[in-house]
Amino acid sequence: MLKERYVRNMQHARTSIVRQLYSVKLLVSGLDIKKSHFTSKLTDTPFGEWFYNEAVLFRSEKSRCDLDEIEKSLLTFHEHFSNIYAIYYGKQAGGLLGLFGIKRKPTPEQKAEAQRLYEEMVPLSDHIRQQVNHLETILNKMPTETLSTLSPQPQKRLMTA
């Protein structure tokens with residue numbers, strides 16, 4: 001049961017990266033996306049929360065490189081995400097738009113920059129998911145007894161839309 005919960009949380013985190021990337025894709029494509037779909041703090045994202053609260057518990061000789069690679073890619077992914085977020089929801093939106101966090105209209109140069117950043121996020125997302133897949137394989141091979149010694153216990157998570 002414990003192993004299954006860790007695996008489920010890992011799968012949820014992996015799915016959340018895809019959702020985050022899809023939201024960015026919609027945003028840079030010109031669609032209106034609610035600001036609430038975006039979280040500017042990495043540890044408040046489902047993946048960041050999982051990574052820094054749960055994934056680090058699996059740090060062993062077998063998984064150390066995977067976790068380091070995931071973190072490196074995750075930090076770059078989130079930096080790009082933050083830059084795109086700033087283009088569309090930055091503080092430069094004045095008046096009521098800035099007050100309510102409504103999407104502002106970026107310049108053509110800003111749109112091009114957002115598109116470039118998004119295109120760089122796609123392979124980062126793929127790399128993160130591949131590394132998580134490898135980490136999942138390691139986790140599935142771990143004895144349940146080893147997992148029970150880890151702390152804290154994994155949280156039950158609900159899939160969010």
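Every read-out reported here was derived from the displayed coordinates using simple, explicitly stated rules and does not represent laboratory data. Values in this document were obtained by computation on a predicted structure and should not be read as measured data. Note: ideal-geometry Cβ built from the backbone for every residue, glycine included; neighbour counts use all protein chains shown.
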Protection-proxy order for peptides 130-136, 28-34, each taking the mean of Cβ atoms within 10 Å per residue, highest first
130-136, 28-34
Compactness of region 111-151, expressed as Rg and Dmax over alpha-carbon positions, Å:
16.8, 51
By the mean-Cβ-within-10 Å protection proxy, highest first, 139-145, 67-73 rank as 67-73, 139-145
Checking the table Lys35/Lys72; Lys3/Lys34; Lys35/Lys141 against a 30 Å threshold on Cα-Cα, which pairs fail?
Lys3/Lys34; Lys35/Lys141
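Assuming R0 = 22 Å, what is the FRET efficiency of Ala86 and Ala112, from their Cβ-Cβ distance, to the nearest 0.05?
Here the calculated transfer efficiency is 0.90.
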For Cα pairs less than 8 Å apart in space and 6+ apart in sequence, what is the mean separation divided by the residue count of region 1-65, i.e. the relative contact order in percent?
35
Using a 7 Å offset from the Cα along the Cα-to-Cβ direction at both Glu145 and Arg8, what is the distance between the two label points in nm, to one decimal?
2.6
